[in-house]
Amino acid sequence: MRRKHLLNVAGVIAAFALALCMFFFGIWQLDLIVSGPVWSYGWKAPAPRYADQYFQCFLWKTSIGRAYDTLFLILFLSVLLPLLLLFVSLWTWEED
């Protein structure tokens, strides 16, 4: 392998590492949201909505409803962004 290919190989490795990190972070945080009793508020008279309850990740503080939206976006981007990085890395690969 030539020295000029090392940047491309680093891009491919970074794409797979980014995909794995984003995917497992999103799945982990979604698991934290639904690990408790989801319907514990349901049978009382003026029950608060579960989506409005407080959720705190180590990166941000938000409600559960907004956390769902953000985490599903992270899962979507965990496929899209690494594919883009992989495409750019392979597109710029120089022939011998």
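The values are calculated or read from the model by the stated rules, or taken from the named source; none is laboratory data. Here the structure is a predicted model, which is why all the values come from computation and not from measurement. For neighbour counting, all protein chains shown are included, and Cβ atoms are generated from backbone atoms with ideal geometry for every residue, glycine included.
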task: Only residues that are assigned to a loop (DSSP other than H, G, I, E, B) and modelled with pLDDT of 75 or more: list them for the stretch 24-56, please.
output: Gln53
query: Using beta carbons and a limit of 8 Å, which pairs, at least six apart or on different chains, have the first residue in the stretch 63-91 and free of Cβ contacts under 8 Å to residues at least 40 places away in the same chain and the second one in a helix (DSSP H, G or I) and among the aromatic types (Phe, Trp, Tyr)?
result: Ile64/Tyr50
- prompt: Can we say Leu85 is modelled with pLDDT of 75 or more, within 24 Å of His5 (Cα to Cα) and surrounded by 15 or more Cβ atoms within 10 Å (Cβ to Cβ)?
  reply: yes
- prompt: When the stretch 16-28 is examined, which residues are found to be over 21 Å from Phe72 (Cβ atoms) and touching a residue at least 24 places away in the same chain (Cβ under 8 Å)?
  reply: Phe16
query: Is one or more of the residues making up the stretch 58-74 within 30 Å of Asn8 (Cβ to Cβ), outside any loop (DSSP other than H, G, I, E, B) and at pLDDT 85 or above?
result: yes
